[in-house]
Structures are given as structure tokens and as C-alpha cells.
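Peer 1: Before I ask anything, here is the structure I am working with.
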Amino acid sequence: MKTYSLSRTGEALGALGDPTRRTIFEQLAEEPAAVVDLAARLPVSRPAVSQHLKVLKEVGLVRDVQVGTRHVYSLDPVGIEGMREYLDRFWSRALASFKARVEQHLESTPEQRTEQPLQEEP
Amino acid sequence: MSSNPTAVSTSITVEAPVERAFRVFTEDIASWWPSEHHIIGVPLATMVFEPKAGGAVYDVGEDGSRCQWARVVAYEPPTRVVFSWDISLQWQVETDPARASEVEVRFVPEGDTRTRVELEHRHLDRHGDGWEGLRDAVGSSGGWRLVLGQFADRMRKASVDRR
């Protein structure tokens with residue numbers, strides 16, 4: 001379950017890597033909207049908007065409710081599980097950084113601030 | 001691994017004596033804290049972890065400003081430290097202690113040169129109504145929009161390695 005959650009978070013973040021999708025996501029953060037509303041505001045066709053919304057929905061970032069004949073999309077409240085996923089990732093990263101530091105043999109004074117980047121990703 | 005729905009836990013084993021592990025984690029926190037995870041709004045100069053119960057944990061900006069984001073709840077060298085997590089769902093300093101979560105770190109010696117570090121971040125529910133704050137956070141600059149964007153950029157770079 002945990003693995004599933006983590007990979008889902010990765011998918012969600014990956015989905016936001018697309019600039020148009022991120023714009024749609026941000027638009028929905030402002031207010032819920034239907035496909036036609038979004039297509040009217042963005043330089044993207046309705047089918048393209050629908051496709052982006054489908055991806056965002058699949059990874060759990062947005063949800064839709066039917067209002068009359070329209071599907072209105074809004075952000076999916078992430079709930080506490082989202083926070084857990086985020087912190088899980090954060091602490092894993094932080095402890096890995098801590099391990100790299102603590103295993104360096106040079107001692108350091110408490111006040112010392114090292115500006116060296118800690119294990120930047122390639 | 002915690003099954004508590006309002007907590008996350010993780011652990012790591014480091015090749016260092018327990019005293020050193022404890023000291024680096026606390027007083028030398030600036031040397032390892034992920035550099036992109038600071039809520040102070042100006043370039044970071046250092047971080048301070050006051051080594052005592054009731055102490056403060058704060059970022060110090062290059063302009064001298066201070067941003068306290070934790071309070072030391074328990075300080076028991078070299079085996080245990082507990083501090084509050086005074087960071088809100090909107091990724092800003094939480095001034096109401098009742099809405100802060102808590103981090104406990106235990107340092108378990110495994111011989112003279114190895115230490116197991118067990119971390120639990122708990123009472124996440126104190127932050128409020130789940131993470132439905134996402135919507136508000138995304139709308140605020142420097143909030144989730146920034147965090148998610150950074151992660152997304154990072155992942156995109158990792159997978160595509162430049163367009």
C-alpha cells in the first residue's frame with residue numbers, strides 16, 4: 001500500500017511536469033471549471049483539455065462532478081494521505097543527506113554552515 | 001513502518017558513533033538539511049538548533065532575519081530528541097502550537113561505530129482538515145505550487161535530461 005501511494009505521488013508530480021497540464025491544474029486551484037471554460041481561457045482545444053484532465057484525474061489530482069449536463073472539474077482534496085506521502089519522501093531524502101554528512105570523517109563545529117551542495121541529482 | 005494514519009516513520013543506519021550521529025543531527029543540522037526545504041523568504045545564511053529542551057530551531061537569512069519553525073520538546077543526548085513541526089499546510093510558520101505536529105528521533109547504538117536513527121513524524125492531523133489545504137496552498141505563492149513545481153521540474157530533468 002505504501003509503495004502504491006509513493007508511486008502515485010510520483011505519477012502526480014510527473015503529470016504536473018507538462019506545462020499545459022500545470023496551467024490547467026493552477027486554473028482549477030483558482031476555481032472549479034468545465035472543459036469549455038478551460039478551453040476558452042487557454043490556447044488549447046477542447047479535446048486536448050479533456051485529455052489533460054483525464055491524466056490529472058487518473059493520478060488523483062483533480063476530480064469531476066456532474067452539474068446538469070456539464071462535468072465540473074476541481075482539485076481533488078488530497079487529504080492527510082497526501083501529507084504523509086509528501087513527508088515520507090521528505091524525510092527519506094533528509095535522512096539520506098544526514099547519513100552522507102555524518103559519515104564524513106571530518107569533525108565540524110556546531111555553527112559551521114557548509115554551503116556545499118548535498119548530493120545534487122545528476 | 002508505522003501503520004498509524006496520522007504519522008510517518010522512517011529509519012536509516014549510519015556508520016558513526018551514536019554521540020556523533022546525535023550531534024550532527026541537532027547542532028549541525030545546517031550541514032545536511034535539504035537546501036530547497038526552507039520556508040524563510042530570503043537567501044539562507046545558516047540554521048540554528050538550540051541544544052536544550054525548550055530551545056528554538058530556526059533559519060537565519062543572509063539579511064539577519066530569523067524564521068523559527070520548530071521548538072525542541074525533548075533533548076536527551078545522545079539517544080533521543082523531539083521537536084515540534086511548526087509549519088502549516090500552507091507551508092508557512094504555524095503560530096498556533098495546537099496546530100503543530102511533532103518529530104521524534106531516536107538514536108540506537110549498534111556497536112561502537114554504527115547507529116540506527118529512527119524518525120517518527122506524528123500528530124499530522126493537528127495541522128487541520130487533512131490536506132485539503134492543498135487548494136489554498138496552491139494558490140499562495142511559495143506554497144505547494146512552488147513545492148510541486150520544483151519536484152515536477154526535478155523529475156522531468158531526471159527523466160528527460162533537458163528538452
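The values are calculated or read from the model by the stated rules, or taken from the named source; none is laboratory data. Remember, it's a predicted structure, so these values are computed and weren't measured experimentally. A quick note on method: Cβ atoms are made from the backbone with ideal geometry, for glycine too, and the neighbour counts reach across all protein chains shown. To get the accessible areas, we keep the full protein, side chains included, count just its heavy atoms, and leave off ligands, DNA and RNA. Shrake-Rupley method; radii C 1.70, N 1.55, O 1.52, S 1.80 Å.
Peer 1: Test of understanding: among B:TYR75, B:TYR58, which residue is open to solvent by 40 Å² or more (accessible area, probe 1.4 Å) and either over 18 Å from A:ARG93 (Cα atoms) or part of a loop (DSSP other than H, G, I, E, B) (or both)? Outline the logic, then answer.
Peer 2: Values: B:TYR58 fails: open to solvent by 40 Å² or more (accessible area, probe 1.4 Å).
Of B:TYR75, B:TYR58, the one residue that is open to solvent by 40 Å² or more (accessible area, probe 1.4 Å) and either over 18 Å from A:ARG93 (Cα atoms) or part of a loop (DSSP other than H, G, I, E, B) (or both) is B:TYR75.
Peer 1: Condition (residue is at the interface with another protein chain (Cβ under 7 Å from one of its Cβ atoms) and in contact with a Pro (Cβ under 6 Å, 6 or more places away or on another chain)) applied to segment B:9-18: is it met by at least one residue? First the steps, then the outcome.
Peer 2: To start, the set of residues in segment B:9-18 that are at the interface with another protein chain (Cβ under 7 Å from one of its Cβ atoms) comprises B:10, B:12, B:14-16.
Filter once more, so that each one left must be in contact with a Pro (Cβ under 6 Å, 6 or more places away or on another chain): none.
Within segment B:9-18, none of the residues are at the interface with another protein chain (Cβ under 7 Å from one of its Cβ atoms) and in contact with a Pro (Cβ under 6 Å, 6 or more places away or on another chain).
Peer 1: If I filter segment B:21-33 for residues that are open to solvent by 10 Å² or more (accessible area, probe 1.4 Å) and more than 8 Å from chain A (Cβ to nearest Cβ), do I get at least one hit?
Peer 2: No, segment B:21-33 contains no residue that is open to solvent by 10 Å² or more (accessible area, probe 1.4 Å) and more than 8 Å from chain A (Cβ to nearest Cβ).
Peer 1: Here is a further query. With respect to B:VAL48, is the statement that it is part of a strand (DSSP E or B), among the β-branched types (Val, Ile, Thr), more than 8 Å from chain A (Cβ to nearest Cβ) and crowded, with 19+ Cβ neighbours inside 10 Å true?
Peer 2: Working: part of a strand (DSSP E or B): yes; among the β-branched types (Val, Ile, Thr): yes; more than 8 Å from chain A (Cβ to nearest Cβ): yes; crowded, with 19+ Cβ neighbours inside 10 Å: yes.
Against the criterion (part of a strand (DSSP E or B), among the β-branched types (Val, Ile, Thr), more than 8 Å from chain A (Cβ to nearest Cβ) and crowded, with 19+ Cβ neighbours inside 10 Å), B:VAL48 qualifies.
Peer 1: Among (1) away from chain A (no Cβ under 13 Å); (2) of a type outside the set (Val, Ile, Thr); (3) within 18 Å of the chain's Cα centre (by Cα); (4) surrounded by fewer than 15 Cβ atoms within 10 Å (Cβ to Cβ), where does B:GLY64 come up short?
Peer 2: So B:GLY64 meets the others, but not (3).
Peer 1: Mind listing whichever residues of segment B:34-45 are more than 9 Å from chain A (Cβ to nearest Cβ) and either in contact (Cβ under 8 Å) with a residue 40 or more places away in the chain or under 18 Å from A:PHE90 (Cα atoms) (or both)? Before you say what the answer is, go through the steps one by one.
Peer 2: So the first thing to find is which residues in segment B:34-45 are more than 9 Å from chain A (Cβ to nearest Cβ), and the list is B:36, B:38-43.
Within segment B:34-45, B:GLU36, B:HIS38, B:ILE39, B:ILE40, B:GLY41 meet the criteria.
Peer 1: Could I ask something else about it? Considering only residues that are open to solvent by 20 Å² or more (accessible area, probe 1.4 Å) and in contact (Cβ under 8 Å) with a residue 12 or more places away in the chain, which ones fall in segment A:32-51?
Peer 2: The answer is A:PRO32, A:VAL35, A:VAL36, A:ARG41, A:LEU42, A:VAL44, A:ALA48, A:SER50.
Peer 1: Going through segment B:34-44 one residue at a time, which ones are open to solvent by less than 40 Å² (accessible area, probe 1.4 Å) and touching a helix residue (DSSP H, G or I) at 6+ places or on another chain (Cβ under 9 Å)?
Peer 2: B:PRO34, B:HIS37, B:LEU44 - these are the residues of segment B:34-44 that are open to solvent by less than 40 Å² (accessible area, probe 1.4 Å) and touching a helix residue (DSSP H, G or I) at 6+ places or on another chain (Cβ under 9 Å).
Peer 1: Can A:PRO19 be described as loosely packed, with under 15 Cβ neighbours inside 10 Å, out of contact with any Gly (no Cβ under 8 Å at 6 or more places or on another chain) and modelled with pLDDT of 90 or more?
Peer 2: Details: loosely packed, with under 15 Cβ neighbours inside 10 Å: yes; out of contact with any Gly (no Cβ under 8 Å at 6 or more places or on another chain): yes; modelled with pLDDT of 90 or more: no.
So A:PRO19 fails the test.
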